[in-house]
Amino acid sequence: MKPKVAFFDFAGCEGCQLTILDCEDLFLDLLERVDIVEFREALSETAPRFDVAFIEGSIHREEDAERLREIRSRSTLLVTLGACAGLGNVQARSNFLSPATNFRRVYGEEELNRVQADPEFWPLWAHTRVRSVKEVVPVDYELRGCPVVAEEFLHLVKSLVVGTVPHVPTVAVCVECKMQENECVFDRGETCLGQITYGGCKAVCIGHGYRCDGCRGLLPQANLEAHRQLLRDKGLDESRILERYRLFGSAEAWGRERRP
């Protein structure tokens, strides 16, 4: 029997799942190796248990956390898809503000007062802290990126199917920039997080004229103090540096900054 695979989404744009669906040849190759038993983007069927659960999206409410725990209990392996599930992503920036402040900035003071006066409606907005999946349940593997890289996804699935551990090099985006012969962002007078960010994306953002904003997460061996000093030397003050670090990794940044 082929392994049973399921996909689930929480708070996010579902771009990682769409990336997988959009790669038709890769997806057909995947269907030869596994049975997809739950995947809201592609089918309506459900299953009681599965061998691998892929999770996209960050966790905002306790009811989301309970649903995630229930999925974890039905799965043998659990894999996060992308920056939302793995890091909390940009939505976790709300952790640094109160729910009321967030609501006021979007909808205004008058609407905030109206909603707060409704005891049934306000709790829907006053969500708990935004969390990555690994802050709620054990995670077996992580697929990084915003969105994920389809080839990395297929490599992981193939490895799991044959019972091997997928090998993911822990190199920086800077390494891949050199391999792609990209002009360094710093040589263009800009700043970049490529020195401290997991590679695997083939430095696609820099290759298209942008910079690395760290969507694949911080390398465990990253020298953050040296990188901070480099950004200072390029004219960024502490608030701008913190803003850059928080952009994709806000859930992790929140945890680090609140530790004693």
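Here are some notes:
- Taking packing as the residue-averaged number of other Cβ atoms within 10 angstrom, the listed peptides 222-231, 148-157 run from highest to lowest as 148-157, 222-231.
- Rounded to the nearest 20, the Cβ-based charge dipole of the range 173-258 about its Cα centre (Lys and Arg +1, Asp and Glu -1) stands at 180 debye.
- Signed unit charges on C-beta, dipole axis of the chain, positive-most listed residue T197, Q116, G15: T197
- Solvent-free Debye scattering, log10 I(q)/I(0), computed from the Cα coordinates of the chain at q = 0.13, 0.14, 0.17 Å⁻¹: -0.92, -1.03, -1.32
- Cα-based convex hull volume of the range 173-258 per residue, rounded to whole Å³: 90
- In the range 67-130, the chymotrypsin sites (Phe, Trp or Tyr not before Pro) that fall in loop regions by DSSP, at most 14 other Cβ within 10 Å: F121
- Long-range Cα-Cα pairs in the range 98-160 (distance over 16 Å), rounded percent: 64
- The range 185-214-the range 92-108 distance, computed between alpha-carbon centres (Å): 29
- Structure-based [θ]222 nm, the chain - -39500 (n - 2.57) summed over DSSP H runs of at least 4, per residue, nearest 500: -12500 deg cm²/dmol
FYI, it's all coordinate maths here, none of it is from the lab. Everything quoted here is computed from the prediction, not taken from an experiment. With ideal geometry, Cβ positions are generated from the backbone for all residues, glycine too; neighbour counts draw on all protein chains shown.
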